[in-house]
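**Student:** Pasting a structure here, questions to come.
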Amino acid sequence: TERTLSIIKPDATNRNLTGKINAKFEEAGLRIVAQKRIQLTKAQAGQFYAVHAERPFFDELTDFMASAPVVVQVLEGEGAIAKNREVMGATNPADAAPGTIRAEFAESVGENSVHGSDAPDTAAEEIAFFFSGLELV
Ligand code: ATP
Ligand code: MG
């Protein structure tokens, strides 16, 4: 089985949607094997999203990610990385398939409710960014 890093973003925690989003993961066969609520500093958000440092939306993205608590979690299941991205839906909620998290809950391309790792190497890096070995069973 595979593991992936998921983040429930500030727009969703502000609207108290953690349980509804977690239900989508569980209905899709993903198991939440680690989870905690934290608040990132802008610098930590920038470190996490360093790959986007040169993008025009980087400043907006890191301000947003530091604006309120997030829920970081590790999801486990068969093909968890791809399955999570399927359940999340397209980055822009206007393009997200019906029934996906972003179609149902996201507010805009920036405030799009969830993050999910996009490949095995980034999943491993992103899990290690937030969780220690002791927190993972
Ligand atoms: P994530 O990495 O958060 O799971 P993603 O892989 O679907 O989302 P990326 O292209 O990696 O999308 O972009 C990272 C995040 O940056 C997006 O989820 C979104 O919050 C933000 N973002 C992307 N494009 C834009 C944009 N044009 N304007 C504002 N914010 C954007
Ligand atoms: Mg991405």
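The values are calculated or read from the model by the stated rules, or taken from the named source; none is laboratory data. What you see is a predicted model, and the numbers here were worked out from it, not measured in a lab. Heads up, the Cβs are rebuilt from the backbone with ideal geometry, glycines too, and the neighbour counts pull from every protein chain shown. Ligands, DNA and RNA are excluded from the accessible area calculation, which covers all protein heavy atoms including side chains. Shrake-Rupley method; radii C 1.70, N 1.55, O 1.52, S 1.80 Å.
**Student:** Any idea which of (1) touching a helix residue (DSSP H, G or I) at 6+ places or on another chain (Cβ under 9 Å); (2) open to solvent by less than 90 Å² (accessible area, probe 1.4 Å); (3) within 23 Å of ALA124 (Cα to Cα) is the one ASP11 doesn't satisfy?
**Tutor:** Of everything listed in (1) touching a helix residue (DSSP H, G or I) at 6+ places or on another chain (Cβ under 9 Å); (2) open to solvent by less than 90 Å² (accessible area, probe 1.4 Å); (3) within 23 Å of ALA124 (Cα to Cα), ASP11 misses just condition (3).
**Student:** Answer yes or no as to whether PHE105 is within 21 Å of THR18 (Cα to Cα) and either crowded, with 21+ Cβ neighbours inside 10 Å or among the small types (Gly, Ala, Ser) (or both). Before you say what the answer is, go through the steps one by one.
**Tutor:** Details: within 21 Å of THR18 (Cα to Cα): yes; either crowded, with 21+ Cβ neighbours inside 10 Å or among the small types (Gly, Ala, Ser) (or both): yes.
Judged against the criteria, PHE105 is a match.
**Student:** Go through (1) part of a helix (DSSP H, G or I); (2) within 16 Å of ligand 2 (Cβ to nearest atom) and name the single condition GLU54 misses.
**Tutor:** Only one criterion in (1) part of a helix (DSSP H, G or I); (2) within 16 Å of ligand 2 (Cβ to nearest atom) is unmet by GLU54, namely (1).
**Student:** What number of residues in the range 112-137 are open to solvent by 70 Å² or more (accessible area, probe 1.4 Å) and either in contact with a helix residue (DSSP H, G or I) (Cβ under 9 Å, 6 or more places away or on another chain) or not aliphatic (A, V, I, L, M) (or both)?
**Tutor:** 6
**Student:** Any idea which residue in the range 57-77 is farthest from the chain's Cα centre (by Cα), counting only those that are part of a loop (DSSP other than H, G, I, E, B) and within 15 Å of ASN112 (Cβ to Cβ)?
**Tutor:** PHE57
**Student:** Within the range 84-91, does at least one residue satisfy the condition of being away from ligand 2 (no atom under 15 Å from the Cβ) and open to solvent by 60 Å² or more (accessible area, probe 1.4 Å)?
**Tutor:** Within the range 84-91, none of the residues are away from ligand 2 (no atom under 15 Å from the Cβ) and open to solvent by 60 Å² or more (accessible area, probe 1.4 Å).
**Student:** Of a type outside the set (D, E, K, R), surrounded by 20 or more Cβ atoms within 10 Å (Cβ to Cβ), at pLDDT 95 or above and in contact with a Lys or Arg (Cβ under 9 Å, 6 or more places away or on another chain): does that describe LEU30?
**Tutor:** yes
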